[in-house]
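Each remark here refers to the structure printed beneath this line.
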Amino acid sequence: MEEIWLGLQRAVELIFSADPDVMEATWRSLSISATASVIAAVIALPLGSLIFHNTFHGKRFVISFIHTLFSLPTVLVGLFVFLLFSRSGPLGEFGLLFTPTIMVIGQAVLVTPLILGLVISALSGIDRMAKETAIALGASRWQMGLLMIKEARYAIFTAFILGFGRAISEVGLALMVGGNIRGFTRVLTTAISLETSKGDIELSLALGIILLGIALLINMALSWLQQRSTVIRPRPVE
Amino acid sequence: MNKTWLKISGLLLSMVLAASSIAGCNSSDNPSTTGPTVSPTTQQGSGILTPAKRLKVATTSSLYDTGLWALLEPMFEKEFGVEVDVLYANTGIALQYGQRGDVDIITVHDKARELQFIADGYGTTRSAFAYNYFVIVGPASDPLGLKGLSAEDAFKKLFASKTTKFVSRGDASGTHSKEQAIWKAAGFNYADVRSSGAWYVESGQGMGPTLQMAGQLQAYTLSDLGTFLAFKGQTGLASIVDKGSILLNVYAAIPVNPAKVAVSNKDMAQKMAEWLMSPAIQKVIGDYGVKDYGAPLFTPCAGNEPSS
């Protein structure tokens, strides 16, 4: 119990002293995961719309497959990306292994199925009427797709946040393809893993608390955005 | 409605912009670790697909956990103006990284596998730069009374009693190799030892976590001296057996052979091997740990590797 308290104190100290190593790892965690989630969203939005709006043979299977990938173990993605980008692998010539770039790629691979599946669910949650009305009013396929995304925006944004959350909290992939290089690929989770293995429980706890704090801030920002929009949104037609 | 949407996309966009500043242009901007020592040449051509030239070193965990690499890394960076990336692994993983060409040089401690690595053409030369000894460590009370025995006899007694636990790394590390060698020297078939009961615990983790596990279980384990000393305070374990030529632990640096594997920074790897063997750095290695542990963690041995 005392250790937890000490960890909390240490976290506060680290934050207020702006410890450069911690700040850097925090910033790196944020930027790598944010980039990966944005890339994943950029892939998942059009692809999800495409899958949702079209009927094709094996659609159910494709969706179940995407849902299966929700539980993709991060170390498996790590292994896959490692083998692909290792110097003796097919993409080895780029020399990307053990760089932040490869961590972005790996996390994007990890998070894309999650956002994709949730985008499809989000679109499914929209009233059928919306789609039919849009088509009846002569919307092109493109306009209709955009309209549906707009209607489902809250659920889609939640999907993005979930994807970001999975990316920033994972450790196996970051360790395998990033290598936990101090000052280069070390992120909060890999630092926690290292400090725990070194037995510095306080510092591990402190870093964990910082990571949770970031998650809290992001979620507060999200709900603030949602609240604001509900204040503006109901504009009764008089 | 549109306003919110705009804000959300604005938020996303700013996240991307923020992120690309780090992930895109690699880490030419880490003030805390690289400081002013980075030479301008290492930053050239640093884009997403053409990363800057860096020297990648895969090291056995003992050289990392003891803090030796944390001391050497900035020294080398300063002298040669290159970014050094130290990958914390174990001997097995380091050799694997070397074979795949993912690192430029490895620093490990398993002579038999090192010689094989070179014989297979993956490494150029083996530079033995330091040594110390492995130790069998355990609860200070030494429940099995192993003190004073040879490593082989201590293992025989452990196996015979099967009461006090023994924690094995079980991870193909240099220490795990050494443990297997001791079992063999003691006349056991390693496969039999592994399957002989619950007293034999495989941690599957690095030396530090393994020592902590041994401390929690009040068990014996085999450790390199440096990591044991670094973790002694946390684990409460004591050194039980520390004598015998079988416990010799030699650390060597091997640049990955550019003729066999496509490495990225072969010249710098060769320079690092030479640098580790240089008198000045040998002295740094020999002095390391005296301040914190009262005795050096490593004995420098450039040019005359001990055989016992």
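The values are calculated or read from the model by the stated rules, or taken from the named source; none is laboratory data. The model shown is predicted, which means the values in this text are computed figures rather than measured ones. All Cβ positions, glycine included, derive from the backbone under ideal geometry; neighbour counts span all protein chains shown. What goes into the accessible areas is simple: the full protein's heavy atoms, side chains included, and nothing from ligands, DNA or RNA. Shrake-Rupley method; radii C 1.70, N 1.55, O 1.52, S 1.80 Å.
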Rounded FRET efficiency, nearest 0.05, which uses the C-beta distance separating B:D153 from B:S278 and R0 of 35 Å:
0.30
Report ³J(HN,Hα) in whole Hz for each residue of the range B:195-206, in order, from the Karplus equation J = 6.51 cos²θ - 1.76 cosθ + 1.60 where θ = phi - 60°; Gly and Pro get x.
9, 8, x, 6, 5, 9, 10, 9, 7, x, 10, x
Determine, from the Cβ-Cβ distance of A:W5 and A:R228 and an R0 of 35 Å, the FRET efficiency 1/(1 + (r/R0)^6), rounded to the nearest 0.05.
0.40
Rounded to the nearest 0.05, what FRET efficiency is calculated for A:L83 and B:A181 with R0 set to 35 Å and r the Cβ-Cβ distance?
0.70
In vacuo Debye sum over C-alpha of the range B:63-218, base-10 log of normalised intensity I(q)/I(0) at q = 0.08, 0.12, 0.18 Å⁻¹, listed in q order, is -0.29, -0.62, -1.18
According to a simple spin-label model (label point 7 Å from Cα along Cα-to-Cβ), what is the distance in nm between A:A130 and A:N219?
2.5 nm
Taking only protein heavy atoms and a 1.4 Å probe, what accessible area per residue, in Å², does the range B:178-276 have with all protein chains in place?
39 Å²
Points 7 angstrom from Cα along the Cβ direction at B:E305 and B:A238: gap in nanometres?
3.5 nm
Report, in debye and to the nearest 20, how large the dipole of the range A:1-131 comes out about its Cα centre when Lys and Arg carry +1 and Asp and Glu carry -1 on their Cβ.
880 debye
Given the candidates B:S239, B:G123, A:L69, the one whose Cα lies deepest towards the positive end of the charge dipole of the protein assembly as shown, counting +1 at each Lys or Arg C-beta and -1 at each Asp or Glu C-beta, is A:L69
On the principal axes of its Cα set, how long, how wide and how thick is the protein assembly as shown? Give whole Å, largest value first.
94, 54, 52
If you average 1/r over every pair of different alpha-carbon atoms in the range B:155-221 and take one over that average, what Kirkwood value in Å do you get?
11.9 Å
Of all accessible surface on the range B:150-308 at a 1.4 Å probe, what whole percent is carbon and sulfur?
50 percent
Which whole-Hz couplings ³J(HN,Hα) result when phi for each residue of the range A:71-76 is put into the Karplus expression 6.51 cos²θ - 1.76 cosθ + 1.60, θ = phi - 60°, listed in order with x for Gly and Pro?
9, 4, x, 5, 5, 5
Find which of A:L110, B:P258, A:I4 sits farthest along the positive direction of the dipole of the protein assembly as shown, computed with +1 on the beta-carbon of Lys and Arg, -1 on that of Asp and Glu, about the Cα centre.
A:L110
Scale the Cα Rg of the range A:52-123 by the rule-of-thumb value 2.2 N^0.38 Å and send over the ratio, two decimals.
1.34
Chains A and B: accessible area buried, summed over both chains, 1.4 Å probe, nearest 100 Å², reads 4200 Å²
Average beta-carbon neighbours from other chains, 10 Å sphere, peptide A:28-37
5
Length-normalised contact order of the range A:103-163 in % [C-alpha pairs under 8 Å, at least 6 apart]
53 percent
Compute the distance from the alpha-carbon center of the range A:135-149 to that of the range B:203-258, in whole Å.
66 Å
Roughly how crowded by other chains is peptide A:181-190, in terms of the mean Cβ count from those chains within 10 Å of each of its Cβ atoms?
5
Hydrodynamic radius by Kirkwood for the range A:88-221, inverse mean 1/r across distinct Cα pairs, in Å, is 17.6 Å
Test item: Cα-centred dipole of chain A, Lys/Arg +1 and Asp/Glu -1 on Cβ, debye:
1040 debye
Could you give P(r) for the range B:155-268, binned at 5 Å from zero, as whole percent values over all Cα-Cα pairs?
2, 10, 19, 21, 18, 10, 7, 6, 5, 2, 0
Using a 1.4 Å probe, what is the accessible area per residue for the range A:31-165, in Å²?
47 Å²
Give, to the nearest whole percent, the P(r) tail of the range A:172-222 beyond 19 angstrom, counting all Cα pairs.
34 percent
Two-decimal Rg/Rh across chain A, once Rg and the Kirkwood Rh are taken from alpha-carbon atoms
1.05
Treating only the Cβ atoms of Lys and Arg (+1) and Asp and Glu (-1) as charged, compute the dipole magnitude of the range B:188-272 about its Cα centre; round to the nearest 20 debye.
240 debye
Per residue of A:12-21, other chain Cβ atoms within 10 Å number on average 1
